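Here the structure is laid out as structure tokens; the discussion comes afterwards.
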Amino acid sequence: MSKQLKYKLKKTLKNAEFVHADLEYHQQLSTDAVREFNEEIARLISLLSEEEREQLQKQQPAPVPPPMGVAPETPPQLNENSPTSDSTDVVPSDAEPEESDAPVPPVDKSVQLKKLFRRIAEQSHPDKVRASGFSEKEISRMRRIFIKAKQAYDDENWYVLYSIAIQLDLNVDDPTDEQIEWIDEDIKKTLNKIATIANLTAWHWYTGNENAKKMAIQFYFQQAYGVNYQGL
């Protein structure tokens, strides 16, 4: 790897690490924001007179447009109904294609993602870890890693898979210039996820000052019921 590419990789990885930490912060905080915002809406409705509540219930709530207190995406949960390590739904098949006279296409991102995920799954899938006789604590740790890797594979997030591979001490090649561009793409997608959470009505209410909280409440009632909430 050239010195220029090495420095570019270091900078890009640092940027990716920062935005993913910021996404984690937003996801964790938004869970409380949505819950407490919904509790506040329920409290405000309970303060209305019986006649006002009945009138509100007669209103046909419009489809809540984003942003409007939508809970953030949560990682997939592995349970007894989840596919096992033998399932191609969990670990994508890496079987060789049948021979053909057609020209072999160049290796693309999806191929690299699949290969890297399979290597991670070989070490982290709970069934494999349990069969190897590891402790329950280690099985739990690897389970979290596997779920994170599966989510990254589904999201086509090369940076997260690459980081997990490094964490597991897998022997991976230095990223190419093209793979660094993949990380840049991952950064942009992550920033979009952060922006989506930051635009939630619940987020503005939870993190804003008193005036912002009132505006968020009024926005909710206007959008959900087409009325102004009195008494704020």
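Where a number appears in this text, it was derived from the coordinates with a stated rule and is not lab data. In this text, all values refer to a predicted model and were calculated from it rather than measured experimentally. Neighbour counts run over all protein chains shown; Cβ positions are idealised from the backbone, glycine included.
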Task: Gain in span if fully extended, Asp177 to Lys3, counting 0.36 nm per residue against the direct Cα distance - done: 61.4 nm
- [ ] Grab the beta carbon distance between Ser110 and Gln167, set R0 = 30 Å, and tell me the FRET efficiency rounded to 0.05.
- [x] 0.85
- [ ] Going by C-beta contacts inside 10 Å, put Tyr206, Tyr7, Tyr153 in order with the fewest on the left.
- [x] Tyr7, Tyr206, Tyr153
Task: Efficiency of FRET between Glu17 and Arg43 - r from beta-carbon atoms, R0 45 angstrom, step 0.05 - done: 0.70
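If a/c stays under 1.5 just call it rounded; otherwise compare a/b with b/c (prolate if a/b is bigger, oblate if not). Do that for the stretch 138-232, with a ≥ b ≥ c from the square roots of the Cα gyration tensor eigenvalues.
Prolate is the answer for the stretch 138-232, as a/c is 1.5 or above and a/b outweighs b/c.
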